[in-house]
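The values are calculated or read from the model by the stated rules, or taken from the named source; none is laboratory data. Computed from a predicted structure; not experimentally measured. Every residue, glycine as well, gets a Cβ built from its backbone with ideal geometry; the counts of neighbours run over all protein chains shown. These accessible areas exclude ligands, DNA and RNA; they are computed on the full protein's heavy atoms, side chains included. Shrake-Rupley method; radii C 1.70, N 1.55, O 1.52, S 1.80 Å.
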Amino acid sequence: MTDAANRPMMRRDLASAALGMVVERDEPGHAVVSMRVRDDMTNGFHITHGGLVFTLADTAFAIACNEDDTITVAAGADITFLKSTVAGQTLTATAVRRVLSGRTGLYDVSVVDEHGDPVAEFRGRSISTNRSLVE
């Protein structure tokens, strides 16, 4: 297992760091990232802002699809929200590669709460660039 926190991509990811995301697992095509929901992450209804649930899923997706020094980015993504959460809860996103064909990939990300209840399902489509991540 690679330590994603030591990868240049994650060392430079200020957004994920600011949101307090923790990389639990980093393997080729598979990543697990968690985030505790803070008060400042809720919307006007006092539930977790959907954009932040998406961001958590997107971070897990990014780790799963960046397996080497080639920069891989999102070509698109969709999310379905299944359950709302509130401040104080911990969300965990698990990304799994479904297909990798040439420069494109398809990844599913499940987001659950601390009880394992489904919160959201995310599907991301990746494309590898011709650029390499150089420190």
Item to check | Looking only at the range 116-132, and only at residues there that are open to solvent by less than 50 Å² (accessible area, probe 1.4 Å) and of a type in the set (Gly, Ala, Ser), the one that is farthest from residue 20 (Cα to Cα) | outcome: 128
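Conditions (1) among the β-branched types (Val, Ile, Thr); (2) under 20 Å from residue 118 (Cα atoms), marked per residue:
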position	(1), (2)
12	no, no
16	no, no
34	no, yes
37	yes, yes
41	no, yes
58	no, yes
81	no, yes
92	yes, yes
Checklist entry - Looking at residue 86, is it in a strand (DSSP E or B) and modelled with pLDDT of 95 or more? => result no
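For every residue, the table says whether it meets (1) open to solvent by 40 Å² or more (accessible area, probe 1.4 Å); (2) small (Gly, Ala, Ser); (3) in contact (Cβ under 8 Å) with a residue 12 or more places away in the chain.
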position: 61; (1), (2), (3): no, no, yes
position: 69; (1), (2), (3): yes, no, yes
position: 75; (1), (2), (3): yes, yes, yes
position: 94; (1), (2), (3): yes, no, yes
position: 104; (1), (2), (3): yes, no, yes
position: 107; (1), (2), (3): no, no, yes
position: 114; (1), (2), (3): yes, no, yes
Checklist entry - Given the conditions (1) over 14 Å from residue 105 (Cα atoms); (2) open to solvent by 10 Å² or more (accessible area, probe 1.4 Å); (3) at pLDDT below 95, which single one is not true for residue 26? => result (2)
Checklist entry - residue 9: open to solvent by 20 Å² or more (accessible area, probe 1.4 Å) and hydrophobic (A, V, I, L, M, F, W, C), yes or no? => result yes
Next on the checklist: Taking the conditions exactly as written (open to solvent by 40 Å² or more (accessible area, probe 1.4 Å), within 20 Å of residue 122 (Cα to Cα) and of a type in the set (Val, Ile, Thr)), does residue 86 satisfy them or not?
Outcome noted: yes
Checklist entry - Taking the range 109-135 on its own, how many of its residues are outside any loop (DSSP other than H, G, I, E, B) and over 15 Å from residue 73 (Cα atoms)? => result 9
